[in-house]
1. Can you tell me how much longer the chain between SER26 and LEU194 gets when fully stretched, taken as 0.36 nm per residue apart minus their C-alpha distance, in nm with one decimal?
2. Quick one: order ARG207, ARG54 from most to least accessible surface, probe 1.4 Å.
3. At 1.4 Å probe size, what's the solvent-accessible area of ASP175? Round to the nearest 10 Å².
4. Excluding ligands and nucleic acids, what accessible area in Å² is computed for VAL190 using a 1.4 Å probe, to the nearest 10?
5. So how much slack lies between ARG6 and THR202, counting 0.36 nm per residue of separation and subtracting their Cα-Cα distance, in nm?
6. Sort ARG42, ARG209, ARG18 by accessible area with a 1.4 Å probe, largest first.
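The values are calculated or read from the model by the stated rules, or taken from the named source; none is laboratory data. All values derive from a computational prediction rather than experimental measurement. Each accessible area value is taken on the protein alone, full model and side chains, heavy atoms only, with ligands, DNA and RNA left out. Shrake-Rupley method; radii C 1.70, N 1.55, O 1.52, S 1.80 Å.
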Amino acid sequence: MLDAGRADLYSATIRYERGRWWLVLSGVAAAFHPAGTSRKTRHSRPAGIDVGIRSLAVCADDTGQPIKTWEGVNALERALRDLRRANRRLARTKPGLAGRRHAPQVADLRRDALHQLTYWAATHLAEITIEDLNVAGMLANRRLARRLSDAALAELHRQLTYKARWYGTVLHEADRWYPSSKTCSACGAVHGELALGEVTWTCPNPRCRTVHDRDHNAAVNLAGWPRAHPPPARVAA
């Protein structure tokens, strides 16, 4: 793109991070070629993506059809044990040895999983709704802070936002107070007492009684959110 005159660089930064030197280039690039944003093979229905703890994310459309589930990477939980063993080994080495450079990097595991998820969503879905999560408030819960941090919800939101713009995907953001997890996607009844640890729940409406998977139900509700909450009409001046 630089050779073709479709991109311009305006800064370069060199930094040392996690045992490696990084050259970070910043600039402005032209929009992707229309062929790069084609929707010919994309899922045709509006989709919702629910992010959480048990699974990294669950995707479903507004008809209730499951589309894709990304299992929780739990990178920090998995790697802590390995890191403890590695640290004991590294303590016996000298700085600069290969053993130190090859220590497990939790951030790399997490970043790779998030890039795969957001790229798939931005290139396989035509319309996506995600929640505006109060990540800072959620991290205040000490019981969940480690797992929520490991899921990197804010980073997932950031990546999906710019990749949707790159690939021409319509991205909606549901209000953070929208009860997507505890609203029955079949009848609209709200389960007021849904505990955080409840993976499945039954609709309290005696005429419905649908049994829901918490994450799938939230994704279905998010998929239908734009139609249920259209923006207010503008009044002509």
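1. 56.0 nm
2. Details: ARG207 225, ARG54 110 Å².
If we order ARG207, ARG54 from most to least accessible, we get ARG207, ARG54.
3. Roughly 80 Å² of ASP175 is accessible to a 1.4 Å probe.
4. 80
5. Answer, rounded to one decimal: 65.1 nm.
6. On the way: ARG42 20, ARG209 125, ARG18 65 Å².
Largest accessible area first, the residues go ARG209, ARG18, ARG42.
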